[in-house]
Amino acid sequence: MILSDKRILEEIEKGTIVISPYDRKYLGTNSYDVHLGKYLATYADRVLDARRHNEILHFEIPDEGFVLQPNTLYLGVTLEYTETHAHVPFLEGKSSTGRLGIDIHATAGKGDVGFCNTWTLEISCAQPVRIYAGMPIGQLIYFAVEGEIEILYNKKGNAKYNGRTVRPVESMMWKNEF
């Protein structure tokens with residue numbers, strides 16, 4: 001079950017959903033619009049290695065915007081810090097973003113109950129497109145959870161993305177044993 005706008009507001013009042021900064025005008029019928037933060041990153045190496053810590057290079061989006069190029073993976077970050085203590089958050093691209101040929105996540109659209117952070121975006125594009133810090137980039141949808149949760153994400157000892165950040169975070173696949 002997806003939460004409605006009224007239910008999202010109730011959960012914000014209860015503190016089970018936290019969005020900061022929050023502005024009521026970004027609440028849709030059953031989602032909340034999130035915006036692109038001011039930082040992007042690219043990987044330092046063109047060939048990535050899943051067993052190695054791949055270095056990223058952070059940079060700030062200038063006021064005049066930044067032109068994304070096809071065939072490059074950009075890591076972005078949401079302006080909004082979120083906490084979700086009783087629901088499963090899903091981050092989806094906005095249709096307006098998709099119609100510009102921008103994908104905001106390759107595979108990681110679902111968060112975990114207990115996720116408390118900004119969202120790192122895996123951004124790619126179909127053709128060159130200029131983007132700007134603060135532009136609407138996606139929408140959060142909240143799903144109700146069936147059953148009790150044993151361990152919240154932010155309480156898991158092996159959670160790789162718990163550190164609060166305002167910059168995109170690189171893949172931590174290298175921390176897995178395989």
TODO: Mind checking which lysines have their Cα closer than 26 Å to the Cα of residue 160? Skip sequence neighbours fewer than 8 apart in that chain.
DONE: 38, 110, 175
- [ ] Mind sorting out which of (i) 1.19; (ii) 1.04; (iii) 1.87 is the real Cα Rg over 2.2 N^0.38 Å computed from the coordinates?
- [x] (ii)
Task: Nearest-0.05 FRET efficiency for residue 73 and residue 144, computed from C-beta distance (R0 30 Å) - done: 0.35
TODO: Highest first, please rank the peptides 24-30, 13-19 by the mean number of other Cβ atoms sitting within 10 Å of their residues.
DONE: 13-19, 24-30
Task: 3J(HN,Hα) from dihedral phi, the range 161-178, Karplus parametrisation 6.51/-1.76/1.60, rounded to Hz, x for glycine, proline - done: 10, 8, x, 5, 8, 10, 10, x, 10, 6, 4, 10, 3, 4, 7, 6, 9, 7
TODO: Mind listing the long-range amide H neighbours of residue 36? Cut-off is under 5 Å, sequence gap 5 or more, other chains count too, H placed in the peptide plane at 1.01 Å from N.
DONE: 79, 134, 135, 137
TODO: Consider a paramagnetic label point 7 Å from the Cα of residue 165 along Cα→Cβ; state which residues of the range 76-97 have an amide N under 13 Å from it.
DONE: 76-78
Task: Förster radius 30 Å - calculated FRET efficiency between residue 151 and residue 103 (Cβ-Cβ, nearest 0.05) - done: 0.45
TODO: Place the peptides 125-134, 93-102, 58-67 in order of packing, highest mean first, counting for every residue the other Cβ atoms within 10 Å and averaging per peptide.
DONE: 93-102, 125-134, 58-67
TODO: Once you have the Cα-Cα distance between residue 29 and residue 175, take 0.36 nm times their residue separation minus that, and quote the gain in nm to one decimal.
DONE: 48.7 nm
Task: Added length on full extension, which subtracts the Cα-Cα distance from 0.36 nm per residue, residue 14 to residue 55 - done: 10.8 nm
Task: Estimated [θ] at 222 nm from DSSP helical runs (n ≥ 4, -39500 (n - 2.57)) normalised by residues in the chain, nearest 500 - done: -2000 deg cm²/dmol
Task: Table column - 3J(HN,Hα) (Hz), the range 124-132, Karplus curve with 6.51, -1.76, 1.60, x for Gly and Pro - done: 9, 9, 7, 8, x, 8, 8, 10, 9
Open item on the list: Could you work out the relative contact order of the range 5-171? I mean the mean sequence separation of Cα pairs under 8 Å and 6+ apart, divided by the number of residues, in percent.
Closed with: 30 percent
TODO: Between residue 6 and residue 44, with labels modelled 7 Å along Cα→Cβ, what's the label distance in nm to one decimal, could you check?
DONE: 5.4 nm
TODO: Provide the packing ranking of 152-163, 36-47, i.e. peptides ordered by the mean count of other C-beta atoms within 10 Å per residue, highest first.
DONE: 36-47, 152-163
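Just so you know, all these numbers are worked out from the coordinates, no wet-lab data involved. From a predicted model like this one, the values you see are computed outputs, not experimental measurements. A quick note on method: Cβ atoms are made from the backbone with ideal geometry, for glycine too, and the neighbour counts reach across all protein chains shown.
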